[in-house]
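Laboratory data are not the source of any read-out in this text; all were calculated from the coordinates shown. Here the structure is a predicted model, which means the values were calculated and not measured. Quick reminder, even Gly has a Cβ in these numbers, built from the backbone with ideal geometry, and neighbours come from all protein chains shown.
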Amino acid sequence: MGLNVTSYQHGIYPRSEEVVAATRGRERGRNSQDDVERAFAADREDFLRTQREAGLDYFSDGLLRWQDIFRPLVEMCQGMDAHTLVRWFDNNSFFRAPEVTGELALSSSVPRQMEDDQDIPEPKMATLPSPFLFSRAAQTEEDDRNALMRDLTREILRPVAQELAGRGYRLIHLQEPWLVYFGMDSADWDDFEKSVGEVREATEGATLILNTYFGDAGPYADRLGRLPVDAVGIDFVETDIDELGAKWQVGLLAGVMDGRRSPIEPVEPTVEFARRAVETLGAPSLFVSSNSELELLPRDIARHKVLRLGEIAARLKDLLR
């Protein structure tokens, strides 16, 4: 078949009990900042080692210092703040909603949490919120959310993505659960496509992937398949393959590992499912990862999921090459 298969683990990876204890102890004055740094460094090295052991094709630091997918971007942008705790969809976790307080302007070109990236093996990948998710999760007094989406793209997402591509990040992964969970009106699509297109232009030479999850992508398959990205991610826990049509013009990111449930996926049935999905859609390339980030899982379970992802990807490469 000669199909290219690529694997990576996106999003926030769960922190160890040692990191949680160290950060809480620091807040209560029981240990030092050096204790916190050592705990984070151990977690980081463990995740990098796990990705190497799994044989993944792109590498991440696991966003271990990110409180949520928005906070580092908010911290580096004038005109934004984060106060209100909001539930992260239907999960038992929360994020601080970005709040627009004035004119947007970046104070730095890359989140400080990503400045120390020399130890990440190449090729590197980065996770960012998509323009639609960012604009809908934000709190603002403005009624025009599409205007906010364009502003967030122009002032934050585009320059950050461009800087990351310039720093050697070869894959940019855009999280987009809002679209399939809450839906998107037909009038919003043009602005969404233009916003994604701006990020695409800024990341020339890097792979750009938009990942939908927490909902059924079937009703939006036609428009998703025409976005200016290299691949679209589908949450197959929520989406039926047969709803997605055929003859896709973009690659498929198959979310074959469930980021919200602990059982470890078996290799052969998962491989067969991913093979059937990419062949049914006729996608020109296949990426495999988790449907959502693994932050909600126990760390040991998350580690086993990453290792299993590597096994599944290796089997798919043998099957589809």
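For region 232-276 versus region 41-81, the spacing of their alpha-carbon centroids is 24 Å.
Among D68, D119, a tally of other beta-carbon atoms within 10 Å of each Cβ gives an order, fewest to most, of D119, D68. Estimated from the Cβ-Cβ distance and a Förster radius of 25 angstrom, the FRET efficiency linking R321 and I301 is about 0.25.
Net charge dipole, region 188-321: roughly 580 debye, given to the nearest 20, about the Cα centre with Cβ charges of +1 for Lys and Arg and -1 for Asp and Glu. The calculated FRET efficiency for D46 paired with H83, based on their beta-carbon distance and R0 = 45 Å, is about 0.85.
Extension gain, I264 to D34, is 79.3 nm, computed as 0.36 nm per intervening residue step minus the present C-alpha separation.
In order along region 240-257, the phi-based Karplus estimate (6.51 cos²θ - 1.76 cosθ + 1.60, θ = phi - 60°) of 3J(HN,Hα) comes to 7, 3, 5, 7, 9, x, 9, 6, 5, 8, 10, x, 10, 9, 8, x, 8, 10 Hz; Gly and Pro are listed as x.
Between Q67 and A314, what's the calculated FRET efficiency when r is the beta-carbon distance and R0 is 35 Å? Round to 0.05. Once rounded, the FRET efficiency stands at 0.55. For region 213-310, state what percent of all Cα-Cα pairs lands in each successive 5 Å bin, counting from 0 Å until the bin that includes the largest distance. In whole percents, the pair-distance histogram is 2, 14, 25, 25, 16, 11, 5, 1. Between R276 and R223, the simple spin-label model (points 7 angstrom out along Cα→Cβ) gives 2.9 nm. Per 10 Å bin from zero, what fraction in whole % of the C-alpha pairs of region 124-274 is there, up to the bin with the longest pair? It works out to 11, 40, 35, 13, 1, 0, in whole percents.
In region 5-126, Cα pairs under 8 Å separated by at least six residues give a relative contact order of 27 percent.
By the compact-protein rule of thumb, 2.2 N^0.38 Å, the alpha-carbon radius of gyration of the chain corresponds to a ratio of 0.96.
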